[in-house]
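Enquirer: Quick one: this structure, given as C-alpha cells, is what I'll be asking you about.
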Amino acid sequence: MATVEIHGVRKSYAGREVLAQLDLAMTDGELICLLGPSGCGKTTLLRIIAGFIQPDVGTVVVGGQDVTKLSASERRMGMVFQSYSLFPNMTALDNVRFGPRVAGRPKPEQLKRATDLLDLVGLAAHAGKFPHQLSGGQQQRVALARALAVQPQVLLLDEPLSALDAKVRVQLRDEIRRIQRETGVTTVLVTHDQEEALSIADRVAVMNGGRVLQVASPATIYRVPADGFVARFIGSGAVLAGVADAGRVRMGALMLPATAATAHAAGQHVELFVRPEHVRLEAMNGHIPPGALAADVRETVFLGALTRIRVALREADGEVWADLPSEHAEAFKPGSPVLARWDEAAPRVMKRLM
C-alpha cells in the first residue's frame, strides 16, 4: 500500500493537449474514482500512473518514491482492464498464480496465494475452470484476483464493469469495494458512470478537458458541486442562469429564492442549481403566495416509486424538475398549471463563467 502523488502532469498527442498541468494526491489505502466524460483524460492519467505511457511534463510519486521514469513492471502495480485480458489456455488458478510464478516465487507459495485470492473473490469452487467456462462477472473476478496476486502497492481499475450487464455490474461493484477494504490496497478506478463512482469511492475526482475540476467525498461532490459542469454531470437537476440581487437570484422578471446568493455581489452573473428532490409542486388555485413560482407541467417520466416532472417557469425561459412519489404525481398532468417551490437554502449558487 502507498500514497500516490501527481505533480504538474501534462500530456499531448499530435499537438492536442489531453492532460493540462494536473495535480492530484491519493492517500494510503483509499479508493479514488476518476470520473468524467469520454475524452476527458482519465484513462490517460491512469496509464501514466501505471507506467504504460510517459508524461510530457510532471512527476508521479508512489510511496514517497519518484517512479516517473520507471517502467510498468518496476512499479509494483496491479491492473484490471475492461476486457478481462485473461490467458484463455490457463485455468482460473493458473491465471491468478501467473504473476507470482513470473516473479520466481516458490510453487507452494504461488498456489497458496492464488487459492486464497480465488476464495477472497468467491471463486474457490471454480479454480479449475478456463475463462470460456466462466461468466463475464466471474472472469472479471479472476482478473481482480490476478492483479492482487502480485501484492501491488497500487491497484488500477480501468472501466472494469462497463462490459457487464446492469445486475452483475452492481454486484461486482460491491465486491470490489469489499475486497479493497479487506486488502487495504490504494486503488484508482476509472469510470464514466456517476452512480458507480458515488457508491464505491472514498473520494471522487471529476475531470473534464484534461483537468481535475473537483476532488471531494461523494456526498460533497453531490451536494456542493464546484461549478456548473460538475453540477450537470453529477446526478440531475436544473441549472438556471441569473443575476445575484440582494440574497436572491433574478431571472428575467422572476426573483428566485436562494439564500446562498448572499455570497455573491449584487449584479454578478451566477448559476442556480436545483436538484429534483428539492422541488415541491402544488396545484395552482389562482393565487401565487410568496416564495412560489408559477409554472406549467411539460412532461412526466415514471421511474417506479418516483415520477420525475418537468415544469416550465412562466416568467422566465427556464425549467426545473421535481421528483414526487408516483401516487402523488398523478395529479400533475402535462399542460396543467402548478406552483413550484424549494427551500431557500437548498439550491447551490455558483459564479457563472461568461
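Enquirer: Where the second residue is surrounded by 17 or more Cβ atoms within 10 Å (Cβ to Cβ) and among the polar types (S, T, N, Q) and the first is within 21 Å of residue 18 (Cβ to Cβ) and lies in the stretch 211-229, which pairs have Cβ atoms under 6 Å and are six or more apart or on separate chains?
Expert: Short answer, once both residue conditions are applied: 229/208.
Enquirer: Taking the options 266, 238, 283, name whichever one is surrounded by fewer than 16 Cβ atoms within 10 Å (Cβ to Cβ), in contact with an Asp or Glu (Cβ under 7 Å, 6 or more places away or on another chain) and of a type in the set (A, V, I, L, M, F, W, C). Working first, answer last.
Expert: Numbers: 238 fails: surrounded by fewer than 16 Cβ atoms within 10 Å (Cβ to Cβ); 283 fails: in contact with an Asp or Glu (Cβ under 7 Å, 6 or more places away or on another chain).
Just one listed residue meets the conditions, 266.
One line per residue, one yes/no per condition, for (1) in contact with a Pro (Cβ under 6 Å, 6 or more places away or on another chain); (2) in the same structural domain as residue 181 (by TED's automatic domain parsing); (3) modelled with pLDDT of 90 or more; (4) among the aliphatic types (A, V, I, L, M):
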| residue | (1), (2), (3), (4) |
| --- | --- |
| 77 | yes, yes, yes, yes |
| 81 | no, yes, no, no |
| 88 | yes, yes, yes, no |
| 91 | no, yes, yes, no |
| 97 | no, yes, yes, no |
| 107 | no, yes, yes, no |
| 115 | no, yes, yes, no |
| 123 | no, yes, yes, yes |
| 128 | no, yes, yes, no |
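Enquirer: Name the single residue that is modelled with the lowest pLDDT among those in the stretch 213-270 being in contact with a helix residue (DSSP H, G or I) (Cβ under 7 Å, 6 or more places away or on another chain) and at positive phi.
Expert: Result: 247.
Enquirer: Being free of Cβ contacts under 8 Å to residues at least 40 places away in the same chain and surrounded by 12 or more Cβ atoms within 10 Å (Cβ to Cβ) is true for just one of 251, 255. Which residue is that? Full working, then the answer.
Expert: Details: 251 fails: free of Cβ contacts under 8 Å to residues at least 40 places away in the same chain.
The match here is 255.
Enquirer: Next question, about the same structure. Of the conditions (1) more than 26 Å from residue 73 (Cβ to Cβ); (2) touching a helix residue (DSSP H, G or I) at 6+ places or on another chain (Cβ under 9 Å); (3) of a type outside the set (Gly, Ala, Ser), residue 151 satisfies every one except a single condition; which number is it?
Expert: (1) is the only condition that residue 151 fails.
Enquirer: Taking the stated definitions as given, is residue 61 in a strand (DSSP E or B), buried (at least 16 other Cβ atoms within 10 Å of the Cβ), assigned by TED's automatic domain parsing to the domain that holds residue 130 and out of contact with any Leu (no Cβ under 6 Å at 6 or more places or on another chain)? I'd like the intermediate steps shown before the answer.
Expert: Numbers: in a strand (DSSP E or B): yes; buried (at least 16 other Cβ atoms within 10 Å of the Cβ): yes; assigned by TED's automatic domain parsing to the domain that holds residue 130: yes; out of contact with any Leu (no Cβ under 6 Å at 6 or more places or on another chain): yes.
In short, yes.
Enquirer: Within the stretch 322-340, track down each residue that is of a type outside the set (Val, Ile, Thr) and either assigned to a loop (DSSP other than H, G, I, E, B) or more than 20 Å from residue 235 (Cβ to Cβ) (or both). Steps first, answer last, please.
Expert: Of the stretch 322-340, the ones of a type outside the set (Val, Ile, Thr) are 322-337, 339-340.
Scanning the stretch 322-340 gives 327, 328, 330, 331, 332, 333, 334, 335, 336, 337, 339.
Enquirer: OK, next. Can residue 10 be described as among the basic types (Lys, Arg), in contact with a helix residue (DSSP H, G or I) (Cβ under 8 Å, 6 or more places away or on another chain), in the same structural domain as residue 169 (by TED's automatic domain parsing) and surrounded by 14 or more Cβ atoms within 10 Å (Cβ to Cβ)?
Expert: Answer is no for this residue.
The values are calculated or read from the model by the stated rules, or taken from the named source; none is laboratory data. Not measured: the values here are computed from a predicted model. With ideal geometry, Cβ positions are generated from the backbone for all residues, glycine too; neighbour counts draw on all protein chains shown.
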